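Enquirer: First the structure, which I've put down as structure tokens, then a few questions once you've had a look.
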Amino acid sequence: MIENVTVLGLGPMGRAMARAYLGAGYRVTVWNRTASKADALAAQGARRAGTVREALAAAELVVLSLTDYDAMYALLDPVADALSGRVLVNLSSDTPERARAAAKWAADHGAAHLTGGVQAAPPQIGRPEAYTFYSGPRDVFDTHREALAVLTRPDYRGEDPGLAAAYYQLTMDLFWTTTLGWLHSLAVARAHGISAADFLPHASSLLAGLPDFLAFYSPRIDAGDHPGDAERLTMGAASVDHVVRTTADAGVDTALPDAVHAAFRRGVAAGFGEDSMTKLVEVLGNSEIPGAAESDGRAARLAQPR
């Protein structure tokens with residue numbers, strides 16, 4: 001039996017998804033605001049819809065590959081009366097709260113909403129290492145699991161429509177802060193005549209050890225246990241201070257290490273200097289703990305190596 005699927009949004013990710021469905025034998029309808037982006041897909045057998053309403057009418061399963069949820073509303077609000085009976089697989093990036101609101105909006109118009117967070121680049125679509133977080137109605141997910149698996153391995157996170165967006169944004173938080181840290185280190189490296197290629201094996205070695213670091217500390221963090229037996233927050237604050245000064249001496253922007261240093265100083269100033277630096281997970285999650293700016297003097301004294 002040939003199944004129908006509609007793909008709305010034909011950026012690199014949307015085009016990759018439409019191609020995957022075509023390769024799997026699906027009858028694929030596509031629509032994009034810039035119609036020419038559908039040309040290559042139409043040549044491969046996709047049906048080009050002239051309007052969003054026409055695209056919605058073509059399939060129960062509608063995959064949204066858009067910039068954000070504002071783009072979804074811009075497309076679907078004018079044709080909301082055509083959403084009844086549709087399953088919106090929303091793979092657009094946005095916040096957990098907006099995903100929850102979108103799910104309610106879809107339900108109000110008779111549609112089901114599956115939130116998705118794709119953990120892959122367009123060239124990885126259809127490959128076994130790629131996966132996508134999903135959340136929303138379990139029965140809807142189970143019904144369409146096979147179709148979702150054409151794109152990536154589905155990783156169902158639960159009924160709450162915000163969960164897939166939360167997991168996705170957590171990975172983006174880690175990815176962007178980590179890669180920005182790498183770029184900052186390379187800016188400092190350049191000032192010392194060290195190339196990205198020269199530093200690569202050492203950066204790779206450090207990152208390769210992070211899984212063991214995370215595995216050691218994650219159970220402790222979940223238990224609320226932050227003993228300073230392996231390292232201490234004061235030691236970390238002193239180390240980051242050296243990074244800030246090295247950055248300044250190199251003539252490189254100190255904003256990034258300054259922000260890290262401020263978080264460490266905030267923890268020390270709150271009296272957690274003898275705890276593990278993992279105590280910062282509670283400091284960062286508690287807006288009632290005062291900022292470090294008011295206690296720089298005390299923090300600096302506590303941060304001295306002992």
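Enquirer: Considering only the range 208-251, state which residues are outside any helix (DSSP H, G or I) and closer than 18 Å to LEU280 by Cβ.
Expert: Of everything in the range 208-251, those that are outside any helix (DSSP H, G or I) and closer than 18 Å to LEU280 by Cβ turn out to be ALA223, GLY224, ASP225, HIS226, PRO227, GLY228, ASP229, ALA230, GLU231, ARG232.
Enquirer: Same structure, new question: From the list TYR26, TYR21, which residue is in contact (Cβ under 8 Å) with a residue 40 or more places away in the chain, surrounded by 23 or more Cβ atoms within 10 Å (Cβ to Cβ) and at negative phi?
Expert: Unique residue meeting the criteria: TYR21.
Enquirer: Considering only the range 65-105, state which residues are of a type in the set (Lys, Arg) and closer than 21 Å to VAL150 by Cβ. Walk me through it before giving the result.
Expert: We begin by selecting, within the range 65-105, every residue of a type in the set (Lys, Arg); these are 86, 98, 100, 104.
Once the filter is applied, which keeps residues that are of a type in the set (Lys, Arg) and closer than 21 Å to VAL150 by Cβ, the range 65-105 yields only ARG86.
Each row is one residue, and each column tells you yes or no for (1) closer than 30 Å to TYR167 by Cα; (2) outside any strand (DSSP E or B); (3) among the polar types (S, T, N, Q).
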site	(1), (2), (3)
ARG19	yes, yes, no
SER36	no, yes, yes
GLY50	no, yes, no
ASP70	yes, yes, no
TYR73	yes, yes, no
PRO78	no, yes, no
SER93	yes, yes, yes
GLU97	yes, yes, no
ALA106	yes, yes, no
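Enquirer: I've got another one for you. Filter the range 278-302 down to the residues that are over 17 Å from THR234 (Cα atoms) and at pLDDT below 90, then identify the one that is surrounded by the most Cβ atoms within 10 Å (Cβ to Cβ). Please lay out each step first, then the result.
Expert: From the range 278-302, those over 17 Å from THR234 (Cα atoms) are 285-290, 294; that's our starting set.
This time we only want the ones that are at pLDDT below 90, so: 286-290, 294.
Numbers: ASN286: 9, SER287: 8, GLU288: 4, ILE289: 16, PRO290: 11, GLU294: 11.
Result: ILE289.
Enquirer: Does the range 229-249 hold any residues that are farther than 17 Å from ALA263 by Cα and either in contact (Cβ under 8 Å) with a residue 12 or more places away in the chain or not assigned by TED's automatic domain parsing to the domain that holds GLY267 (or both), and which are they?
Expert: ASP229, ALA230, THR246, THR247
Enquirer: Also, I was wondering about something else. If you take the residues in the range 37-84 that are more than 17 Å from MET17 (Cα to Cα) and polar (S, T, N, Q), which one is surrounded by the most Cβ atoms within 10 Å (Cβ to Cβ)?
Expert: THR51
Enquirer: Right, another one. Looking for something under 19 Å from LEU148 (Cα atoms), small (Gly, Ala, Ser) and modelled with pLDDT of 95 or more - is there at least one such residue anywhere in the range 36-43?
Expert: No, every residue in the range 36-43 fails to be under 19 Å from LEU148 (Cα atoms), small (Gly, Ala, Ser) and modelled with pLDDT of 95 or more.
Enquirer: Looking for something in a helix (DSSP H, G or I), within 30 Å of LEU214 (Cα to Cα) and touching a residue at least 24 places away in the same chain (Cβ under 8 Å) - is there at least one such residue anywhere in the range 140-162?
Expert: Looking through the range 140-162, at least one residue is in a helix (DSSP H, G or I), within 30 Å of LEU214 (Cα to Cα) and touching a residue at least 24 places away in the same chain (Cβ under 8 Å).
Enquirer: Tell me, please, whether a residue that is in contact with a His (Cβ under 7 Å, 6 or more places away or on another chain) and of a type outside the set (A, V, I, L, M, F, W, C) can be found in the range 259-274.
Expert: The first filter runs over the range 259-274 and keeps only residues in contact with a His (Cβ under 7 Å, 6 or more places away or on another chain), leaving none.
No; the residues of the range 259-274 include none that is in contact with a His (Cβ under 7 Å, 6 or more places away or on another chain) and of a type outside the set (A, V, I, L, M, F, W, C).
Enquirer: Which one of these does ALA165 not meet: (1) closer than 27 Å to LEU83 by Cα; (2) surrounded by 20 or more Cβ atoms within 10 Å (Cβ to Cβ); (3) free of Cβ contacts under 8 Å to residues at least 24 places away in the same chain?
Expert: (3)
Enquirer: Could you check, for the range 93-108, whether at least one of its residues is of a type in the set (S, T, N, Q), touching a helix residue (DSSP H, G or I) at 6+ places or on another chain (Cβ under 8 Å) and free of Cβ contacts under 8 Å to residues at least 60 places away in the same chain?
Expert: no
The values are calculated or read from the model by the stated rules, or taken from the named source; none is laboratory data. What you see is a predicted model; the values in this text were computed from it and never measured. Reconstructed Cβ throughout: ideal geometry from the backbone, glycine too, with neighbour counts over all protein chains shown.
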